[in-house]
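Below is one structure, written out as C-alpha cells, with a few remarks after it.
We did not get these values from a lab; they are worked out from the coordinates using the rules stated. These figures come from a predicted structure and were not determined experimentally. Every residue, glycine among them, receives a Cβ derived from its backbone with ideal geometry; neighbour counts consider all protein chains shown.
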Amino acid sequence: MTRTLLNRRAFVAGSAAVLGTSASAQTSNSTEFEADVSPEVQRNISSFRTLQWQDHFSNLNNGCILCDTESRAVHYWSEDAQTYRLYPSSVPLSADLTRLGRTEVIRKVEGPSWAPTPSMRERNPEWPEFVGPGPDNPLGTHALYLSWQYYRVHGTHDTRKIGRRSSNGCIGLYNEHIAELFALAKVGTQVVLI
C-alpha cells in the first residue's frame, strides 16, 4: 500500500511540475519525488510528454484538445497559446471501440445524464437504460460532447479508470480535471484523437 501511495504522490507532483501548478498537500514531502527533466523532452513520472500543437493542428482557432490514446493523456492549448494543460485520461478498451480523427466540441454539459448506446446495451443488457446526474453517473461531473455521436470527453467518479484502457469509446478524466478543461474549452474547440 505504501508503494502505491508514493507512486500516486509522485504522479501528482510530476503532473504539477509539468503543468506549472501547485501540487496537493499529499506531496508535502519533497524527498518522495525527483524529476529527471531534459531540455528536449519534458516528462513526468508517468512518461507523459509535453507536445507541440503544430504537430496536430493547423491553427489554434477556438483552442485545441488532443486526446492521445497511446499515452493515455489529454492535451489542451488555448487559442492565444498562453495556456497549455496536460491531463492523464482513460481511453477505450479496444481498437474496435476507439474512434480516431478530427472532431470538435458541439455541446458542454455540467451534471450530464447518461444512457448506454445500443451496442453497449447489447454487450451489457444488465446496465440501466438511463442514469441521471450524480455519483452513479459514468460521465462524472462534466461532459464535452463531440460531433461524433456517442463520443465525449468527460469526468468519472471511478478514479481507478484513469490511466487505463477502460472506456467504451469515450475519453475520461478525473472530475477536477474535466471541470478545469470544461471551463477552458468552448463550443467549437477543435479535438483530435490519435
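Tell me which chymotrypsin sites (Phe, Trp or Tyr not before Pro) from region 126-194 have a DSSP coil assignment and no more than 14 other beta carbons within 10 Å of their own.
Counting only loop positions with at most 14 other Cβ atoms within 10 Å, the chymotrypsin sites (Phe, Trp or Tyr not before Pro) in region 126-194 are F130.
Among R121, R152, what is the fewest-to-most ranking by other Cβ atoms within 10 Å? Intermediate values should be presented prior to the final figure.
Working: R121 14, R152 23.
In increasing order of surrounding Cβ atoms, one gets R121, R152.
Can you list the residues, at least 5 places off or on another chain, whose amide H is less than 5 Å from the amide H of V191, using H built in the peptide plane?
I65, T103, E104, V105
What would the Debye formula give as log10 I(q)/I(0) at q = 0.18 Å⁻¹ for the alpha-carbon point model of region 50-110, no solvent?
Log-scaled intensity ratios, in q order: -0.72.
Starting with the fewest neighbours, write out S90, S119, S58, S166 ranked by other beta-carbon atoms found within 10 Å of each beta-carbon.
Fewest-to-most ranking of S90, S119, S58, S166: S58, S119, S166, S90.
Using the number of other C-beta atoms within 10 angstrom as an exposure proxy, rank R72, R85, R99, R123 with the fewest first.
So the residues, fewest neighbours to most, are R123, R99, R85, R72.
Add +1 for every Lys or Arg and -1 for every Asp or Glu among the other residues with Cβ under 11 Å from the Cβ of R164, and state the total.
Summing Lys/Arg as +1 and Asp/Glu as -1 gives +3.
Which of rounded, prolate, oblate describes region 126-170, given a ≥ b ≥ c as roots of the alpha-carbon gyration tensor eigenvalues and a/c under 1.5 marking rounded, otherwise prolate only if a/b is larger than b/c?
It comes out rounded by the Cα gyration axes.
Based on the inverse mean of 1/r over its pairs of different Cα atoms, what is the Kirkwood hydrodynamic radius of region 51-193, in Å?
15.1 Å
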